[in-house]
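These notes are about the structure you will find just below.
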Amino acid sequence: MLTSNELIKLIAKNKEFIEPIIKFNNQNDFLILDLSLNNNELYDFDISDINEFNNYISTKLSSRKKKYIGIGGYGEDRLIYKRSKHFDGNGEARSIHLGIDIWVDEGTSVYCPFPGIIHSFKNNSGFGDFGPTIIIEHLLEGIIFYTLYGHLSLESIENISEKQMIRKGDEIGKIGSSIVNGNWPPHVHFQVIKDMLGKKGDFFGVAPPSEKEYYFNLCLNPNIILQIDNLD
C-alpha cells in the first residue's frame with residue numbers, strides 16, 4: 001500500500017490544480033476553533049443539546065465577524081463525541097477526529113477538488129452520525145485515493161449513481177440542516193482516505209485514542225487539499 005508520506009507528496013506536487021471544496025474570499029474568512037477536551041468553554045453548557053451547541057458555534061462566529069469557521073480538527077481529541085452513543089466503542093470511546101470540519105450556512109455548495117467518480121453514498125442517519133454522505137474516488141498519476149463529504153443535504157444524494165464521473169470543480173452537494181445531518185450545526189466533514197477497507201457510503205470519521213496512529217496513516221490530514229493557513 002502507498003505510504004501516507006508518498007500520497008502527501010503526490011497531492012502536494014499537484015496542489016496548484018486543486019479546486020477549493022468551499023468557495024470563500026480569503027484566508028481571513030476562517031476562524032480556527034478548539035473543540036478539544038482542553039477547551040473549558042465546552043463544559044459550561046449541555047453539549048448534547050443541538051440548540052446549545054449551535055448557539056456556541058454561532059456566537060463564536062459572530063463575535064469574530066467571520067463568515068466561516070475552519071476547524072483544525074484533524075487529530076483533535078474531542079469532547080463533543082460524548083454527546084452520542086454512536087461513538088461508544090468496545091470499552092473505549094472514539095474521540096480522535098480524522099477529518100476537518102468547515103462550519104458554514106445550510107445550503108452552501110460543496111465542490112470536488114480533483115476529478116473522480118462517485119465511489120459510494122449513503123444516508124448515515126443516526127444521532128451524531130454523518131447524515132447524507134458522498135465518497136469520491138480519485139486517480140492521480142496512477143494512484144487511487146478517496147475523499148469523503150459528510151453532513152450534506154438529502155437532495156445531495158438524490159439522482160446520483162456509483163461510478164458517476166465528477167469533474168474538478170463540479171458541485172458535489174450542499175450543506176445539510178441539523179434535521180438531516182446527524183443533529184449537528186450545519187457544516188461539512190471533509191476526510192482524505194487511502195483505503196476504504198471494503199466500506200461503502202460510510203467510513204470511520206472518529207478513532208479510538210489507542211488506534212490513532214493506525215488511522216492517521218489511513219486518513220491523511222485534509223489540509224493537504226484545503227491549504228488553509230495556520231490550520232495544521
message: With the requirement that a residue be closer than 13 Å to VAL188 by Cα and of a type in the set (D, E, K, R), what does region 122-150 give you?
response: ASP129
query: Only one residue in ASN159, ASN183, ASN230 is part of a loop (DSSP other than H, G, I, E, B) and under 27 Å from ILE50 (Cβ atoms), so which one is that?
result: ASN183
- line: Filter region 154-207 for residues that are buried (at least 17 other Cβ atoms within 10 Å of the Cβ) and within 15 Å of HIS138 (Cα to Cα); the one that is nearest to the chain's Cα centre (by Cα) is PHE190
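For region 98-132, how many residues are among the aliphatic types (A, V, I, L, M) and more than 13 Å from the chain's Cα centre (by Cα)?
Result for region 98-132: 2.
Every residue, every condition in (1) under 15 Å from GLY116 (Cβ atoms); (2) among the basic types (Lys, Arg); (3) modelled with pLDDT under 95; (4) touching an Asp or Glu at 6+ places or on another chain (Cβ under 9 Å), yes or no:
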| residue | (1), (2), (3), (4) |
| --- | --- |
| HIS138 | yes, no, no, no |
| TYR146 | yes, no, no, yes |
| GLY201 | no, no, no, no |
| PRO209 | no, no, yes, yes |
| PHE216 | no, no, yes, no |
| ASN221 | no, no, yes, yes |
| ILE224 | no, no, yes, no |
| ASP229 | no, no, yes, no |
- request: May I ask you to list the residues in region 167-184 that are touching a residue at least 24 places away in the same chain (Cβ under 8 Å) and more than 20 Å from ILE118 (Cα to Cα)?
  value: SER177, SER178, VAL180, GLY182, ASN183, TRP184
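Table: residues versus (1) touching a His at 6+ places or on another chain (Cβ under 8 Å); (2) among the small types (Gly, Ala, Ser).
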position	(1), (2)
CYS112	no, no
LEU139	no, no
GLY150	yes, yes
SER177	no, yes
ASN181	yes, no
message: Could you list, ordered by first residue, the pairs with Cβ atoms under 7 Å in which the first is in region 9-25 and part of a helix (DSSP H, G or I) and the second is charged (D, E, K, R), at least 6 apart or interchain?
response: LEU10/GLU141
task: Being buried (at least 18 other Cβ atoms within 10 Å of the Cβ), modelled with pLDDT of 80 or more and not in a helix (DSSP H, G or I) is the filter here, so list the residues in region 32-74 that pass it.
output: LEU33, LEU35, GLY73, TYR74
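The values are calculated or read from the model by the stated rules, or taken from the named source; none is laboratory data. Quick caveat, the model's predicted, so the values are computed rather than measured. Reconstructed Cβ throughout: ideal geometry from the backbone, glycine too, with neighbour counts over all protein chains shown.
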